Amino acid sequence: MLFRSITKRKTYFLNAQNSLGTSTTYMELVVNPSVPGAMQLLDIYPGSDSDTDSTPSKFVHLNGVNYFVATDGSAGLELWKSEGPGNAAMVIDLNPGIGNGTISNLTVFDNKLFFTGNDGSTGVELYVTDGTEDGTLLVKDINIGSASSTPTNFMVSNGFLFFVASNGADG
């Protein structure tokens, strides 16, 4: 998977590497791996086998920061950010502990990052973040309670963020 940083003009992508000549692979973030002198951005989940990879995915860029979904082994797949090599941090452990936050649909709108996620109690719902844990908020529990509204098909048009979701009663 390729990801181009708008401000740094470097290519970031998932790197599946062969470990010690075996068929075991792991995935971490690297910069320009096809170029001599390429470097790994960060080993978010240290180790060298498929049980210890961070599985970064779902990249999006906002205001010089790259956001993505990954795991460090102590939390499930959650929202992370990186401003460059050696600099990555989890934005929030949406579903605390090893449970996955089911982060998806990362969409930039109005200088904020909107996404869907599951905190373990409200189901999959719409969230917004300014890139900080305190600034990450549930926009609305559209399908009230533990059931999911499962927002999908995000589209930004004419100053609005559109998506499809179910409130459990009207579809």
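Of all the residues in region 108-119, those that are open to solvent by 20 Å² or more (accessible area, probe 1.4 Å) and either touching a Ser or Thr at 6+ places or on another chain (Cβ under 8 Å) or in contact (Cβ under 8 Å) with a residue 40 or more places away in the chain (or both) number 7. Could you tell me which of the residues G99, G120, G64 is in contact with a Pro (Cβ under 8 Å, 6 or more places away or on another chain), at pLDDT below 95 and under 29 Å from F163 (Cα atoms)? When all the criteria are applied, what remains is G120. When you check L62 against the structure, is it open to solvent by 40 Å² or more (accessible area, probe 1.4 Å) and of a type in the set (A, V, I, L, M, F, W, C), yes or no? Here the answer is no, as L62 does not meet what is asked.
For region 120-171, give me the residue count where each residue is assigned to a loop (DSSP other than H, G, I, E, B), of a type in the set (A, V, I, L, M, F, W, C) and surrounded by 13 or more Cβ atoms within 10 Å (Cβ to Cβ).
Result for region 120-171: 4.
Remark: F3 matches the filter, which requires a residue to be modelled with pLDDT under 50 and either in contact with a helix residue (DSSP H, G or I) (Cβ under 6 Å, 6 or more places away or on another chain) or under 27 Å from G135 (Cβ atoms) (or both). If I go through region 81-101 residue by residue, how many of them are touching a residue at least 24 places away in the same chain (Cβ under 8 Å), open to solvent by 20 Å² or more (accessible area, probe 1.4 Å) and either of a type in the set (A, V, I, L, M, F, W, C) or closer than 19 Å to V128 by Cα (or both)? Final tally of qualifying residues: 7.
Before we move on, is G117 part of a strand (DSSP E or B) and closer than 20 Å to S54 by Cα? First the steps, then the outcome.
Working: part of a strand (DSSP E or B): yes; closer than 20 Å to S54 by Cα: yes.
Yes: the conditions hold for G117.
The values are calculated or read from the model by the stated rules, or taken from the named source; none is laboratory data. Keep in mind that what you see is a predicted model, and the values were worked out from it rather than measured. A quick note on method: Cβ atoms are made from the backbone with ideal geometry, for glycine too, and the neighbour counts reach across all protein chains shown. These accessible areas exclude ligands, DNA and RNA; they are computed on the full protein's heavy atoms, side chains included. Shrake-Rupley method; radii C 1.70, N 1.55, O 1.52, S 1.80 Å.
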